[in-house]
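Novice: To start, I am sharing the structure in question, which I have written as structure tokens.
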Amino acid sequence: MFDLFYKIWMDCIRRAKQQSANKESWQLGTMIFMTLAMSANFILAMTVLEKLVFKKYFYKIDLPFLPTRINNLLAYLLLFILPCIIANYLLIFRKKRYEKLLPRYKYYNGKVFLTYFLISMFLPIVLLWVGIIFFK
């Protein structure tokens, strides 16, 4: 499983480093895009687990003293974005681990990362529509 994770990351990093506009900020850009994709997958996995497997919603933070929108944003950041950022930092950027990983993985011209990113962004939307259309 980590092999696929690293393959996607290394493809993303190589692609970002090749872009002339990213020479200075490729680390931030790759972290943002991978975190967005991972958090979308994390949200989907937690929704399926909570709704279909456990039939109970348990992965939440409620701060009643905050307005609803701020509470939802803070919950999203703390529950879904922050864990992905921490995992990505520890597994890829800490002690420049990516430098050791880059030679070990083949470059696919960004296609592996792009496929992962697009599936991560559109699969939840597709599943939502399928659920609305067929299971309402």
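The values are calculated or read from the model by the stated rules, or taken from the named source; none is laboratory data. Bear in mind the structure is a predicted one, so any value in this text is a computation, not a measurement. No Cβ is skipped: glycine too gets one built from the backbone with ideal geometry, and neighbour counts run over all protein chains shown. For accessibility, only protein heavy atoms count, side chains too; no ligands or nucleic acids. Shrake-Rupley method; radii C 1.70, N 1.55, O 1.52, S 1.80 Å.
Novice: Please go through region 61-76 and give me each residue that is over 18 Å from Ala45 (Cα atoms), touching a residue at least 12 places away in the same chain (Cβ under 8 Å) and in a helix (DSSP H, G or I), ordered by number.
Specialist: Listed by number, the list holds a single entry, Leu74.
Novice: Please count how many residues of region 77-117 are assigned to a helix (DSSP H, G or I) and either open to solvent by 80 Å² or more (accessible area, probe 1.4 Å) or in contact with a Leu (Cβ under 6 Å, 6 or more places away or on another chain) (or both).
Specialist: Narrowing region 77-117 to residues assigned to a helix (DSSP H, G or I): 77-104, 111-117.
The next check asks that each one be either open to solvent by 80 Å² or more (accessible area, probe 1.4 Å) or in contact with a Leu (Cβ under 6 Å, 6 or more places away or on another chain) (or both); those that pass are 78, 86, 89-90, 94-97, 99-100, 103-104, 111, 114.
Of the residues in region 77-117, 14 are assigned to a helix (DSSP H, G or I) and either open to solvent by 80 Å² or more (accessible area, probe 1.4 Å) or in contact with a Leu (Cβ under 6 Å, 6 or more places away or on another chain) (or both).
Novice: Scan region 88-136 residue by residue and report those that are under 17 Å from the mean Cα position of the chain (by Cα) and of a type in the set (S, T, N, Q). Lay out the reasoning, then the answer.
Specialist: Filtering region 88-136 down to residues under 17 Å from the mean Cα position of the chain (by Cα) leaves 88-93, 110-125.
Result: Asn88, Thr115, Ser120.
Novice: Turning to a different aspect of this structure: Determine the pairs where a residue that is closer than 10 Å to Ala37 by Cβ, located within region 107-134, has a partner that is among the basic types (Lys, Arg) with Cβ atoms under 7 Å apart, the partner being 6 or more residues away or on another chain.
Specialist: Every condition considered, the pairs that remain are Phe113/Arg15.
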